[in-house]
Each structure stands twice: as structure tokens, then as C-alpha cells.
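Since the structure comes first, as C-alpha cells, the remarks are kept for the end.
The values are calculated or read from the model by the stated rules, or taken from the named source; none is laboratory data. A quick note: this is a predicted structure, and the numbers were derived from the prediction, not measured. Note: ideal-geometry Cβ built from the backbone for every residue, glycine included; neighbour counts use all protein chains shown. Ligands, DNA and RNA are stripped out before the accessible areas are found, and what is left, the full protein with its side chains, is counted by its heavy atoms. Shrake-Rupley method; radii C 1.70, N 1.55, O 1.52, S 1.80 Å.
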There are 2 protein chains.
Amino acid sequence: MKALHIDAPGVLSLRDTLAPPLAEGECRVAVRMAGICRTDLELAKGYMNFSGIPGHEFVGIVSEGPERLIGRRVVGEINAACGRCATCRSGMGRHCAERTVLGIYKRPGAFAQSLSLPESNLLVVPDNVSDEEAVFTEPLAAALEIFEQIHVQPGSRMLVIGDGKLGLLIAQVCAHMGARVTLAGRHDKKLSLARRWNIETLKVDSALSSSPASMANDRFPFVVECTGTPGAFASALASTMPRGTLILKSTYAPSNPPQLDWAKIVVDEISIVGSRCGQFAPALRLLSQGKIDVRSLIDHRISFDRCVEGFALAATKGTLKVLVQVS
Amino acid sequence: MKALHIDAPGVLSLRDTLAPPLAEGECRVAVRMAGICRTDLELAKGYMNFSGIPGHEFVGIVSEGPERLIGRRVVGEINAACGRCATCRSGMGRHCAERTVLGIYKRPGAFAQSLSLPESNLLVVPDNVSDEEAVFTEPLAAALEIFEQIHVQPGSRMLVIGDGKLGLLIAQVCAHMGARVTLAGRHDKKLSLARRWNIETLKVDSALSSSPASMANDRFPFVVECTGTPGAFASALASTMPRGTLILKSTYAPSNPPQLDWAKIVVDEISIVGSRCGQFAPALRLLSQGKIDVRSLIDHRISFDRCVEGFALAATKGTLKVLVQVS
């Protein structure tokens, strides 16, 4: 099969390789479409010393597996857990210490003609959800994860910082869940997209977004940091009310971490909550109900042959989602 | 009146001064006894550029105020809020931006023959609670604050790090609230005290308590960091389970902050929760019910004349509570 390989930081190539083997209980999926995520770009730059086949946002057709799934169009949860440990038995397989993670950790990813995942990870995509929409199941699940972790009362004010694809998705999800959302970002084009969804926006210049001052002289009970930049973290913390919650949806380069104001955390009794992957079923349900506009987040659709180019494109400032048509 | 003054870092003296004025709605309290807290020691070293009269753990007799309180024995919530702002109206006066804080911020403290606090801050001490016990209302309220902020299911495993006076108090409170508590510390004498309360203990040496490895090769859904040392923070984080909560009950010197493993926070979906002051009424109730052993936490009782010496004593490694008999 053909697959995109990251061989070293910045060294990407599309070439032939063996299809991944199937372990017991696993299915083979012929990938139709895959999305390029910020994590993929980080992996390509050397995050986690990654080498191998990246890609974890996908939709495909089951080609090997149990009868009921053969030929079905599926998406797949990216954490493949052991299913036996105490963590798995408590329903927290996404945190299984033995897990592999599709295209991220010890499991070849979705920028390939074929991938393997445990049968229990796969969900059949409803017919009314297109391939282009289904590819967003994974990031949409990550956005919903916030609401699995913390209790956000309907009507709560939430500040989402970062108008990239994840920030735009999270702002939509928060608004859908009943929060009064303000999206802070730097890009007029993206902010106007949010306003189309009736989300309040706040244009910030680079000075404001990297200063430890609250945004718009206002503080919020819930703040979601989606930029992964240290300056934005300082601003996010300053924008969090006493007893408020600051949700981190992206991490920071170890070489340039934010400075944390520890006294503020304790004196203002702030909660900082790390947030990663979520459940696929509710995300797929929202897509099927047409509640979340993911199509507007697509900037480019490219063929598999141009996959390496697609990574460069996705890394261009201001670019939203780049989708790769694998087959 | 006589009062202890901090004039500059390390410069303490007991001398005559004017009693603090009474604002509208405030009462004057003749202090009987006051406790020396770690925060007092930090203020004496220059924390918050403090100068003035420290002290916020006290019990005293109301000498000026409304009829119903005159002559009554009281303790007092230390945050004096404006009572009018949105924060106060939401019941969060402890976070009022206009607040003064007894002996900490813009309000002369309890190492003085007289102090002033708003009437609404004062609580009458039940007769069966001694002065020595009543002085612990403030730190006990701070321990209970954890349970006001987060939901700890009965039977949850909690690791409390630090066997100082606050750690010992928090371990007791967590056990009282139904958690299965492990107290990690370095001091045999203090750990044996915890075992007397049927709390499991873990003796750690300085290497373990400052390494980013989990304690006892185990991880906990709830970890409470009570040491304020950067090494212990790393260890606390490593001891927190995925999706677990790490509660910070003390802060870190800005000159030597802990390094935060941001990737771990996001990947393991850890919550870090700053925790400060709590409500006095439930604390006083627990004392009245005899549920919490605070007497065992008292190491020294000294006269007001020896107050400066008491600070030096309290700063000695391994010392638990030093109480000052003011009048």
C-alpha cells in the first residue's frame, strides 16, 4: 500500500510499504479520506520523536473484519486500549497505560491506503453524514470532551481563545451546549465565520493576545485555550474569574513553556483542566443531526499524491482544515 | 495597644500602636489567642511585600459592636468583602476584588490586643470548643474548602503530600469526609500521629519527594499538595492518575517555581485546582462535634511578650502549631 511517512523532523515522503498486520479482534479499514490536524504538523516537526505513518482523523470502508462490518463506512476511536486493566474496566480506555494511538503512538496512521483498529473502536457512519463531515468526528469528539469533564451550566459565559479550526469547532460546540460564547482571535475571516454561527467575537491584536492582561477587560467563569502559544496562556489565565476553570485543549512546546502564576492559581482558586480525546458516538450524532457546521472549516481538498504538499499547506498561517482524498 | 509588627523582611517587633479604627458595620475584638501559620512566616520573609500587623488565626472577645455580640467569644472569617459587587452577591465574598484580608492584605491582623472585622465575619464559638481549638477554625475551614470545590466520592483514594500542620489537618478532614487517605511525609513523629487517626502513611525520603516519579509506584485520583516545594509538586503530579485532580493548598516562591509538564496535563487530562480559604461555620461545627483532633497539632504555647521568638520557633523545621496567648 501507499502511505505517508515521517522519517525525521521535516522529512516526509509518500511511498509503498506493507499494510499493517491485524491483531486478534482488529479490522482492516480502506481509508477514503483523512484530515490534517495540528498534532500531525507537530509530529512532522518532531513532537514525541515521532517516526512512521501519521493521521488519526479519517473515514474509510471496512475490508477485513466481522461480517457485520465488511463494506461498511466507518470512523474509528484513535486510542486502542488493552480492555483488561483497571483503567479500561472503569470505562477510561482512552487513558489505558498500554494503549496505542492511531497515527500518534505505536500504531500506523490514516495517511495510508489501509489501517488497522480494534473492532470495538469502529463506528458505522450514518448515511446522511458525508465523508467530508465524518472526518471531523475525531476533533468534534475532542471538543465535546470538555463537557464530559466539567459541568458547564447552560447560559454560562465561556471565552474560547484561538480562531483556528479547533477553536472554531469548540466555540460552536460550546454554543450548541447552551453556553454564551465569546471567541477571541486575530483573523477577521475566521471571526466572521463565528459570527455567522451567532457567536460573539473579540478581535485581539498580537500584543493583547500575548500580554498577561484579561481580554476585553472582562473575566469569564470558563476559558478554553486552543492556541498552544505561551502568551495566549497568560492572557487566558488573566481572563479567568476567581473560582473559574481554564481548559487546555492544546499543549506547549517544552522548549518554550508558559510561565505559570502559581500564586494566582491558589489565591483565585483557579482550576486548570487538561482535555484531550472524547467519545465518538455523541460527535457522530451531532453531525448526523446537522447541528455543527464543519464544512465551513474546510479550506483545501487535495489528492493523496499531493499529501506531502498538503502538510505544507496546512502549516501555512491562517489555513483551516486540509482534507486528503486517499482513495 | 501592643501589636506585633513586620517592618521589613525579617524585621519583627512587638510595640505599642493605635488600635485599628472601626468602619461602619465593624466590630472590635479583644484577641485572646492567635496561631502562627505558614503564611505568617512567608509574610515575615517578604511575601506580598507585606508590612504591618500579621495574624489571621484567632479567637477573641467582642468589645465593641452590636449588643448581641458584646462579650461573646468569636472567631472571624478573614476576608472582609464589599458585600455589594457581583462576586459578593453570588456568595463568593472570599473572592471580592475589593476585599481586605485580616493580617494579610490592607487590614491589621490578630497578633495584637485588638482587631477589627465586619460584624458579618464573626461567628460565636460554642462553649464546648476551647480557645486552643477555636484558633484552628481558619485552617480547618481551608481544609474543608477542598470539598466545597470538588466532588470527592466517599471511598475515593486521596494522597496528601506533606506532614506539616496543614497536611495533617487536611489528611484528617479527608478521612472524616470518607476518603481513603494516604499521608506522605518525611517525619516519623508526624506520620505516627496520622496513624493514630487510622490514616495510612508513606514515609518518603528527600530524593523521592523531589523526583518526578510517583510515590510508592502508585497513582491516586485525588492528590493534595501541602508542602509548597517545587520538587514535591513534580512528585504530586506524577502521583496523579489520568483524569485525576491535583489540589494545591500552598503556593510556590516566584523565585523558584516548579516546572510544569504541560503535555502530561493535557494527555492525562489532569485537573489542577488552587484552593485557599473556606467557610467557618462547618469548621466550627466539626470542632464542636469533636470530630477533628487539633490539640495534637499544638507544639508550643507562648505568651504574647515572646511573640517574635514564637515566629522563630514556628519556622524551625518540624515544628507544628505555635499558639500565642495574647491576653
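With respect to B:I61, determine if the residue is closer than 24 Å to B:V129 by Cα and at pLDDT 95 or above.
Numbers: closer than 24 Å to B:V129 by Cα: yes; at pLDDT 95 or above: yes.
Answer is yes for this residue.
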Scanning the range A:247-289 for residues that are more than 22 Å from A:V223 (Cα to Cα) and in contact (Cβ under 8 Å) with a residue 24 or more places away in the chain gives A:F280, A:A281, A:P282, A:L284, A:L286, A:L287, A:S288
Taking only the range A:49-99 into account, find how many residues are of a type outside the set (F, W, Y) and within 22 Å of A:M33 (Cβ to Cβ). 25
Is it the case, given these coordinates, that B:M33 is open to solvent by 40 Å² or more (accessible area, probe 1.4 Å), of a type in the set (A, V, I, L, M) and not in a loop (DSSP other than H, G, I, E, B)? no
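Mind listing whichever residues of the range A:314-327 are within 19 Å of A:G103 (Cα to Cα) and either among the β-branched types (V, I, T) or assigned to a helix (DSSP H, G or I) (or both)? Don't jump to the end; show me each part of the working.
As a first pass, look at the range A:314-327 and keep what is within 19 Å of A:G103 (Cα to Cα): A:314-315, A:321-327.
The answer is A:A314, A:A315, A:V322, A:V324, A:V326.
Please give the strands (runs of 3 or more DSSP E) falling wholly within the range A:209-313 in which 2 or more residues are within 14 Å of chain B (Cβ to nearest Cβ), farther than 20 Å from A:D40 by Cβ and out of contact with any strand residue (DSSP E or B) (no Cβ under 7 Å at 6 or more places or on another chain).
Details: elements: A:220-225, A:240-248, A:271-274, A:298-303.
Once the strands (runs of 3 or more DSSP E) in the range A:209-313 are filtered for at least 2 residues that are within 14 Å of chain B (Cβ to nearest Cβ), farther than 20 Å from A:D40 by Cβ and out of contact with any strand residue (DSSP E or B) (no Cβ under 7 Å at 6 or more places or on another chain), what remains is A:240-248.
Within the range A:64-122, can you find the residues that are polar (S, T, N, Q) and modelled with pLDDT under 95?
Initially, the range A:64-122 is screened for residues polar (S, T, N, Q), giving A:79, A:87, A:90, A:100, A:113-114, A:116, A:120-121.
A:T87, A:S90, listed by residue number.
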Please specify each residue of the range B:6-29 satisfying the condition of being within 19 Å of B:A81 (Cβ to Cβ) and either in contact with a Cys (Cβ under 7 Å, 6 or more places away or on another chain) or in a loop (DSSP other than H, G, I, E, B) (or both). B:P20, B:P21, B:L22, B:A23, B:E24, B:G25
Quick check on A:V62: is it over 19 Å from the mean Cα position of the chain (by Cα), hydrophobic (A, V, I, L, M, F, W, C) and open to solvent by less than 40 Å² (accessible area, probe 1.4 Å)? yes
Residue list for the range A:222-248, filter: open to solvent by less than 20 Å² (accessible area, probe 1.4 Å) and among the charged types (D, E, K, R): A:E225
Condition broken by A:C88, with the remaining ones in (1) more than 14 Å from chain B (Cβ to nearest Cβ); (2) open to solvent by 10 Å² or more (accessible area, probe 1.4 Å); (3) assigned to a helix (DSSP H, G or I) satisfied: (1)
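This table checks each residue for (1) free of Cβ contacts under 8 Å to residues at least 40 places away in the same chain; (2) of a type in the set (A, V, I, L, M, F, W, C).
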{"site": "B:I150", "(1), (2)": "no, yes"}
{"site": "B:V160", "(1), (2)": "no, yes"}
{"site": "B:H176", "(1), (2)": "no, no"}
{"site": "B:A179", "(1), (2)": "no, yes"}
{"site": "B:R186", "(1), (2)": "yes, no"}
{"site": "B:V204", "(1), (2)": "yes, yes"}
Subset tally (residues that are acidic (D, E) and not in a loop (DSSP other than H, G, I, E, B)) for the range A:47-85: 2
